[in-house]
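The values are calculated or read from the model by the stated rules, or taken from the named source; none is laboratory data. Since we're looking at a predicted model, the values are computed, not measured. Cβ placement follows ideal geometry from the backbone for every residue including glycine, while neighbour counts extend to all protein chains displayed.
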Amino acid sequence: MNLSKIALPDAEGLRRAAEILRAGSVVAFPTETVYGLGADAFSERAVGEIYRLKNRPSWNPLIVHVADLPAARALAAEWPAGADKLAGAFWPGPLTLVVRRASHLPGIGAVNDTVAVRVPAHPVALDLLRACGLPLAAPSANRSEGISPTTAEHVVRSLPDVPLVLDGGACSWGIESTVLDVTGDVPRLLRPGALGLRVLREVAGTVALPEAETEDGAARNSPGMSRRHYAPRARTVLRPDARDHEGLTGPVGTLTYEGSEGTEVLSADPREYAADLYAALHRLDDAGYATIVIQEPPRTEDWLAVRDRLSRAAA
C-alpha cells in the first residue's frame, strides 16, 4: 500500500489537491459519510477519470458536492421550495437532493435532466471545495461494487492509482448520504442513508418510498441503486443467526451486533452500527475469510439504510 499518496489536509495538502483538481485530475477526500473521489463536475474528461479509476459503469450517476446553498442552486434549472426547506434543515450534512439540472452543467454520468447535489459537513471537504473553487462530482473512493472507504488507507488499498488522498481521519457517519428526489410534488426516497426517514418527515412531511428496484443498466437519478454494491471480496451471506454456517466451506467470519457472539460485534444502535459497518467489513475481508456471515438486522425503519447496504453486499 503506497502511503505516500496520503496527505495531511493542511495548507500545503489543500494547495496540492486544488492544483490536481484544476488540472483535470481526481483527488480523494473525506466527507462525514465516506471518502469521495472528486473531480471538476464541469469537466467531462475529469469526470471520465472517476469512471475509469473506479471501473464504474457509465449508467451509474454521480453526486456533486458544493460548498454552500447558492452553489447548489447554480447547478439547478429550478430550485423547488421543498429543496430550500430540506437544505435549510440538513445542510451541511448527509442529505443529497435531486433537482432539475442546469443546461450549462454536463450530464454527470447517466444521461438525464437531473443532478444530485449536496453540501458535505466535513471540514476538510468544505476546505477543499473552497480552495479549488469547483463543484466536485464525487462517488465513493473505491473500486465499483466494493466496500465504501471510511479511512484514507481504505482508499489507497482499493484505488492504488489515485493521485492524492486528503486524510481527514475516520468518517463519522460511515454510511452514504440519503438521496431524495425533489423534482415532483412529493419528495421521493431514491437511496436510504445516514439521515433516517423519521427526521426527514419532520421537515418534508410525506416522503414517498421507491416503487420498485431499478434494473442495472437502466437510467437512474441516484447512485447506490445497483443490485450488487458495497460488497466484500468474500462471499457474503445474511442469516438470522450468524452462527448458522450450514452449507458453507472454508474459513468463515461473522458480523453480529450486541447480544450475540461474532468475529466482529457492532452496536445494536443503528446509527452506531452504520458508523462502524464498512470498517468491520474491511477488517473481515482483509483477514482472508472465504465467507462472511452477517446477522440480519431488525426489519424496522431505523435499520432501513443498513438493510439496504447489506442486501446489496450479499446480492
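Summary table
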| item | result |
| --- | --- |
| Test: residue in the stretch 252-261 that is of a type outside the set (S, T, Y), free of Cβ contacts under 8 Å to residues at least 24 places away in the same chain and touching an Asp or Glu at 6+ places or on another chain (Cβ under 7 Å) | no |
| Residue identified as outside the structural domain of E153 (by TED's automatic domain parsing), in contact (Cβ under 8 Å) with a residue 24 or more places away in the chain and out of contact with any helix residue (DSSP H, G or I) (no Cβ under 6 Å at 6 or more places or on another chain) among A274, A280, A268 | A280 |
| Which listed residue, of E12, E44, E32, E49, is of a type in the set (D, E, K, R) and over 23 Å from E153 (Cβ atoms) | E44 |
| Selection within the stretch 88-99 - more than 18 Å from W173 (Cβ to Cβ) and either modelled with pLDDT under 95 or among the small types (G, A, S) (or both) | G88 |
| Filtered residues of the stretch 274-315 (kept if within 12 Å of P232 (Cα to Cα) and basic (K, R)) | R283, R309, R312 |
| Selection count, the stretch 260-293, where residues are among the hydrophobic types (A, V, I, L, M, F, W, C), assigned to a strand (DSSP E or B) and under 21 Å from H154 (Cβ atoms) | 3 |
| Any hit, the stretch 98-106, residues being surrounded by 22 or more Cβ atoms within 10 Å (Cβ to Cβ), outside the structural domain of L281 (by TED's automatic domain parsing), part of a helix (DSSP H, G or I) and under 20 Å from the mean Cα position of the chain (by Cα) | no |
| Selection count, the stretch 13-35, where residues are crowded, with 24+ Cβ neighbours inside 10 Å and over 15 Å from D161 (Cβ atoms) | 8 |
| Top-ranked residue of the stretch 272-295 - restricted to ones that are in contact with a strand residue (DSSP E or B) (Cβ under 7 Å, 6 or more places away or on another chain) and among the aromatic types (F, W, Y), ranked as nearest to V34 (Cα to Cα) | Y273 |
| The listed residue being farther than 25 Å from L195 by Cβ, assigned to a strand (DSSP E or B) and within 20 Å of the chain's Cα centre (by Cα), out of A28, A46, A39 | A39 |
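Okay, residues lined up against (1) out of contact with any Leu (no Cβ under 6 Å at 6 or more places or on another chain); (2) more than 18 Å from S4 (Cα to Cα):
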position: C132; (1), (2): no, yes
position: A141; (1), (2): no, no
position: V162; (1), (2): yes, no
position: G196; (1), (2): yes, yes
